[in-house]
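Read through the structure below, which is laid out as structure tokens, and then see the notes.
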Amino acid sequence: MAFRFFENLIDPVAAPGQHASRLLGTPVPTQSPPPGLLAFYWYFIRQARLLFVLLFLAGLVVALLDALIPVFIGRVIAMLSAHQPGSLFAEAGASLAGMAAVLLLARPSSIFLQNLISQQAINAGVTSLIRWQAHWHVVRQGWAFFQEDFAGRLSARVMQAGPALRESVVQAVNAVWYILVYGTGAVIYLATADLWLALPILVWFAAYCTLLRFVVPRLRDRAKAASEQRSLLTGRIVDSYTNILTLKLFATADEEDAVVRDGMRSLTAAFQRQMRLITLNGLLLSTLNATLLVGMAALSLSLWDQGRIGLGTVAAALPMAWQIANISGWVAFNVAGIFENIGVVQEASRSIAVAPTAPDAEGAQPLRVTEGRIRFEAVDFAYAGAERGVLQKFSLDIAPGERVGLVGHSGAGKTTATNLLLRFFQPQAGRITVDGQDIAGVTQESLRAAIGVVTQDTALLHRSIAENIRFGRPEASRAEIERAAAQAEADGFIREVQDWRGRTGYDAHVGERGVKLSGGQRQRVAIARVLLKNAPVLVLDEATSALDSEVEAAIQQQLEGLMAGKTVIAIAHRLSTLARMDRLVVLEQGRIIEQGTHAALLAANGAYARLWHRQSGGFIES
């Protein structure tokens, strides 16, 4: 019961804005964590702050009880010297029983409580909560954010942030009490016997603080550098695995080894610099502790020899010095761990404590699609660092239910126009409206929910085929999923698929990015997903480019039904797939140069006609 009670104190998947626990803290805002280190820590810690307060108090109790052990040893020695054999238990039995109760009952109970708080509640619950909310923020970044970094490095930072932040706080809580309780308790106890006995501890403490002040900041910086190299190496390795087919096709294993080898050497060098400092710190600390122990022994024996202190005090002073020496090593190790983890948190925060790259406007409302009219109004757009804009004063009015094909050479701005419609990027000038609503003022979720998209490069999630199709409509039934697959000419091959665990058909998993399926099969699953979504606006960006002619012809019949009553924007280099569109819009260097039906444009004998006649095998030549 105790285990389950503490394990259920934290909801590990509470999103920002929700209570991780109504009893233990307050929810954090949905804005990204602040970039400042202390503010970044507090963003997560405040959600379980009472747990950390309890851990702080439990640590105090454990430290106080541990500090009593040398005192008990001294009292036992004093009793032995003060009592004759046969009278000890009769005269001092109550004191001995009290000390035994502390050691047998109070100390194990307090350690058990401390472990329940740290292990059952904090280690599992808080760690997962930090990871979950870090992922929650990162996954809501704009598309451009992910184009600027390794997926592997981002995932490494998200996974490392939780344990590093948790461990640094827990270690700090424990270290504070051991430093205060052991140091202060030892000074007070020994000073009451003789002021000189406090001197070795005070001198040692000053030297110990000086050592920590020298080591800790340097260790933090070196830990951060090592963490950066580790994240970078993880990103490179994941990048290799993600693009393994390209590596195999181009036989570049040796070249890729060199990239990873360089990263491994950099990580090793950074880790070695960190370890050098830890080893040096160990040498200095062990020398300092040995000096404390020898100095305390020499001083206490000298004072006893002079008759200034009793045997019990000597018996307490020596183990107390030894205990302080041992605890100092533990504290130093923890302090080193604290700042090593702080370095990891600082490095991870560079991807987590980032303002959204494409946030919804304040007060954004859900998009309401009543007809499906789309208008591009004098839109200008250029990618960052580009000398020339991709779209220039681009204006296009698409009537409700109209099927429009965008035609042009690569780089003419066709896909950029659809990406702007989906708000993956923001135009520098002009605006885009859907049924009169400026898409800059609506929520991105509602905008993309109203648009079904099939792209040329279809990547599936490493889940079952049914789950991939259900992405179009999460609440869809199995029958609806299978009906959409049949309409996309996918049901036949799906029923024959089997994965490495023996799962078959719609339950078979497709591998990372869908590698278990061919390009044409992935495309048909993607079309089934959009068929199931049944959105009022449809974007087809080379939707059938990965299909053979026979399958494409069969799917075209289904696409005709899919497009019925919808506003459609289609892109294809194979012009024959666009010939049945209501209107074709020809782009050149981000401008519309002509538009009309297929027949009208051929009759005009302009740019479209030249593209049509120059096609080889039905594709636009570069």
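None of the figures in this text is laboratory data; all of them are computed from the coordinates on show. Since this is a predicted model, take the numbers as computed values, not measurements. Here the Cβ positions follow ideal geometry from the backbone for every residue, glycine too, while neighbour counts run over all protein chains shown.
Scanning the chain for helices, which whole DSSP H stretches are 15 Å or more long along the axis (Cα) and average 1.0 or more by Kyte-Doolittle?
49-82, 88-101
What size of dipole, in debye to the nearest 20, comes out for the chain about its Cα centre when the only charges are +1 on Lys and Arg C-beta atoms and -1 on Asp and Glu C-beta atoms?
It comes to approximately 680 debye.
Count charges around GLN444 for me, please; just the other residues with Cβ under 12 Å from its Cβ, Lys/Arg as +1, Asp/Glu as -1.
+1
Run the numbers for VAL13 and ARG483: contour at 0.36 nm per residue of separation, minus the present Cα-Cα distance, in nm.
Gain in length upon complete extension: 165.8 nm.
Calculated from DSSP H runs of 4 or more alone, at -39500 (n - 2.57) each and per residue, what is the 222 nm mean residue ellipticity of the chain, nearest 500? Walk me through the numbers on the way to the answer.
Values: 21 runs with 361 residues, N = 622.
Roughly -19500 deg cm²/dmol at 222 nm, from the helical runs in the chain.
Find out how many positive minus negative residues lie around LEU406, taking Lys and Arg as positive, Asp and Glu as negative, among other residues whose Cβ is under 12 Å from that of LEU406.
0
Of the listed values (1) 1.10; (2) 0.96; (3) 1.16, identify the label whose number matches Rg/Rh (Cα atoms, Kirkwood Rh) calculated from this model.
The listed entry that was calculated here is (3).
How about LYS224: which aspartates and glutamates have a C-alpha closer than 16 Å to its C-alpha, ignoring those fewer than 8 places off in the same chain?
Result set, ordered by chain and number: GLU167, GLU340, GLU347.
Net charge near ALA485, counting Lys/Arg +1 and Asp/Glu -1 over other residues with Cβ under 14 Å of its Cβ?
+2
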